[in-house]
Amino acid sequence: MTRESMPFDVVIVGAGPAGLSAAIRLKQKADEAGKDFAICVIEKGAEVGAHILSGAVIDPIALDELLPDWRDQNCPLTVAVNANQHWFLSEKGKSNIPHLLMPPLMSNKGKYTGSLGNLCRWLGEQAMNMGIEIFPGFAAAEVLYNDDGSVRGVATGDMGLDREGNPKDGMHMPGMELHAKYTLFAEGVRGSLSKEVIEKFDLRKDRQPQTYGIGIKELWEVKPENHAEGRVIHTQGWPLGETVGGGFIYHQENNQVAIGFVVALDYENPYLSPFDEMQRYKNHPAIRPILEGGRRISYGARAINEGGLQSVPKLSFPGGMLVGCSAGFVNVPRIKGTHNAMKSGMLAAETVFEALSAGDEGGQDLTAYEDAFKASWIYKDLHRVRNARPALSKFGIKLGTIYAGLDMWLNNLGLGFLMPWTLGHHEDHTSLKKAKEAQKIDYPKPDGVVTFDKLSSVFISNTNHEEDQPVHLKLKDASIPVDFNLAEYDAPEQRFCPAGVYEIVRDDDGTNPRLQINAQNCVHCKTCDIKDYKQNINWTVPEGGGGPNYPNM
């Protein structure tokens, strides 16, 4: 069956904060100028917001620019931060780091805590009310190119294929080609098509590699006496030791607490399990009492960009642009990226508007977008913290924290010229030690009260995939999981995946080890695509609508 095609001026891949902000800003500019541009947003989740996962404490600076009256428009972002704490944890205790010692950029005054997924649902409503077409449940599976090599748009994936890729009787629906003068890739962290265009157009030339963390998050409904709406707590230290990472506890509305744990993916020990570190974290004597007597209502996991300014690739290429976390605008020390993602979408939209208004027929490399980024507050936001995250890997946790604090203070005081250098990164997958060089970690069994196992966690993420469809986790070489990963690293994919997707199974007599991929469990975190030592796992999109459906996350 041949694919049908639809023409647009602009196609946006991903209905997250960056993609929706781009669509809204472009429509605003077009309406102001009396122009009519055809704008299309496609989203692989079953609904807008279904795949959105973040802490989240949000700086409203971009929202104030995009929709200045958002506070009067039933926006779900209603809980202002009123208390900000930073704990350093030992195994049995904690110490508060005085707020006066923290660089002012770390302050959460004027920020909001709530569900980024619900904010995106609201942004989607604003976009549709403006006449923007949004198509949830359609996964962009292929980049389309013009004869000259420029991006022509994207094609959505086929629906109704069996596990071998053959059409099911009466159920097959071929993908749709969406042609555009310009395509904006707003897929989020480690997007499959973004990864392709970054490689094809060599967008990382003269840039540092991107680095990542994995964030594990749970949403709890706690006892009223354990809740303090607007309180924000960040932690570092136990249980990670010399591995970079930390936790967060955000008291949101309706007696709900968002609790999460982030592990940097440059960790060395192949026996480390980010999921189990999160469960162990909840048992800390300062944290467990917050949750006891409460009810866990949702779970999710997501990779997070940690590379900072030096890892942002070239942002434009012929026929398209990277926006939001597809490019990587997270301010790691502030643990915030939504404001930068939204602003990047707005800058891209303004660049596209100027080009189309001048009669541009598409396919150009709109380098004015990168110029606008470098002149924006995104660049300033990232520049002053550019050395904070790499310092932790370079100097260790204690010395790195001291260095990062000094660097940020000097930048805050306008004395950044005293430390003008920019530290580099290495790729996360290169950092693993071999199993024989590492110490096994004895994680406590879940108690079913405060700590849980992976499968029960995946269940409350509302993750669902049609089981009889092609496996979307592709192995480049099927022999590597056993012959190399298992032999040398004791198959770390069993532990770095937070959803139980990868499993080494054997015959009853313990022989014939082989990798079993439980793709239906996948929560789309992308950790496997990042951390696999041989870069043998390629995460691709499943059928549209598959994956988690996060409520209030």
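The aspartates and glutamates within cross-link reach of K195, meaning a Cα-to-Cα straight distance under 13 Å and a gap of 8 or more places when in the same chain, are E142, E187, D529.
At most 10 other Cβ atoms within 10 Å and a DSSP loop assignment: could you name the trypsin sites (Lys or Arg not before Pro) in segment 76-178 that fit? Those satisfying the criteria are K92, K109. Sites listed here are trypsin sites (Lys or Arg not before Pro) in segment 1-59 whose DSSP assignment is loop and whose Cβ has at most 11 other Cβ atoms within 10 Å, and the list is empty.
Principal semi-axes of the equivalent ellipsoid, √(5λ) from the alpha carbon gyration tensor of the chain, are 34, 30, 23 Å from largest down. Sparsely packed loop sites in segment 454-514 (the trypsin sites (Lys or Arg not before Pro) outside DSSP H, G, I, E and B with at most 13 other Cβ atoms within 10 Å) comprise K476, R506.
For M173 and E65, the difference between the fully extended length at 0.36 nm per residue and the C-alpha to C-alpha distance is 34.8 nm. Quick check on segment 356-499: take the gyration tensor over C-alpha atoms, sort the square-rooted eigenvalues as a ≥ b ≥ c, and tell me if it's rounded (a/c under 1.5), prolate or oblate. Oblate is the answer for segment 356-499, as a/c is 1.5 or above yet b/c matches or exceeds a/b. The accessible surface of segment 367-412, taken with every protein chain in place and a 1.4 Å probe, is 64 percent carbon and sulfur. In percent, rounded to a whole number, the relative contact order of the chain is 21, using alpha-carbon pairs under 8 Å and six or more apart.
Take every pair of alpha-carbon atoms less than 8 Å apart whose residues are at least six positions apart; their mean separation over the length of segment 133-253 yields a relative contact order of 14 percent. Amide hydrogen proximity for G245: with H placed 1.01 Å from N in the peptide plane, the residues at 5 or more positions away or on another chain lying under 5 Å are A264. Remark: the E361-D507 segment gains 46.6 nm on full extension, using 0.36 nm per residue and subtracting the alpha carbon distance.
I need the Kirkwood Rh of segment 39-158: take the reciprocal of the average 1/r across all distinct C-alpha pairs and report it in angstrom. That comes to 17.8 Å for segment 39-158. Per residue, the accessible area of segment 338-433 comes to 44 Å² when a 1.4 Å probe rolls over the protein heavy atoms.
Quick check: from the Cα gyration tensor, does segment 356-436 come out rounded (a/c under 1.5), prolate or oblate? It comes out oblate by the Cα gyration axes.
What a 1.4 Å probe finds exposed on segment 244-337 is 49% carbon and sulfur by accessible area, rounded to a whole percent. Computed with a 1.4 Å probe over protein heavy atoms only, the accessible surface of segment 16-152 comes to 43 Å² per residue.
The distance from the alpha carbon centre of segment 1-65 to that of segment 467-500 is 34 Å, rounded to a whole number. If a paramagnetic tag sat 7 Å from the Cα of T422 along the Cα-Cβ line, which residues of segment 207-228 would have the backbone N under 20 Å from that point? In segment 207-228, the label zone of T422 (backbone N under 20 Å from the point 7 Å along Cα→Cβ) covers 207-213. Here segment 92-197 exposes an accessible surface that is 53 percent carbon and sulfur, computed with a 1.4 Å probe and the other protein chains kept in place. If both residues of a DSSP beta bridge must be in the chain, then about 70% of such bridges are antiparallel. For the chain, excluding the exposed loop sites themselves (GluC sites (Glu not before Pro), DSSP loop, at most 13 other Cβ atoms within 10 Å), the longest remaining stretch covers 362-466. Label separation (E354 vs Q516): 5.7 nm, computed from points 7 Å beyond Cα along the C-beta direction.
Per residue, the accessible area of segment 159-289 comes to 35 Å², computed with a 1.4 Å probe over protein heavy atoms only. When the Cα centres of segment 301-367 and segment 503-553 are compared, how far apart do they sit, in Å? With segment 301-367 and segment 503-553 each reduced to a Cα centre, they are spaced 28 Å. For the listed residue pairs K282/K474; K282/K454; K476/K531; K92/K436, the alpha carbons are over 23 angstrom apart in K282/K474; K92/K436.
The values are calculated or read from the model by the stated rules, or taken from the named source; none is laboratory data. Everything numeric in this text was worked out from a predicted model, so none of it was measured. Reconstructed Cβ throughout: ideal geometry from the backbone, glycine too, with neighbour counts over all protein chains shown. For the accessible areas, the whole protein counts, side chains as well, though only heavy atoms, and no ligand, DNA or RNA atoms are used. Shrake-Rupley method; radii C 1.70, N 1.55, O 1.52, S 1.80 Å.
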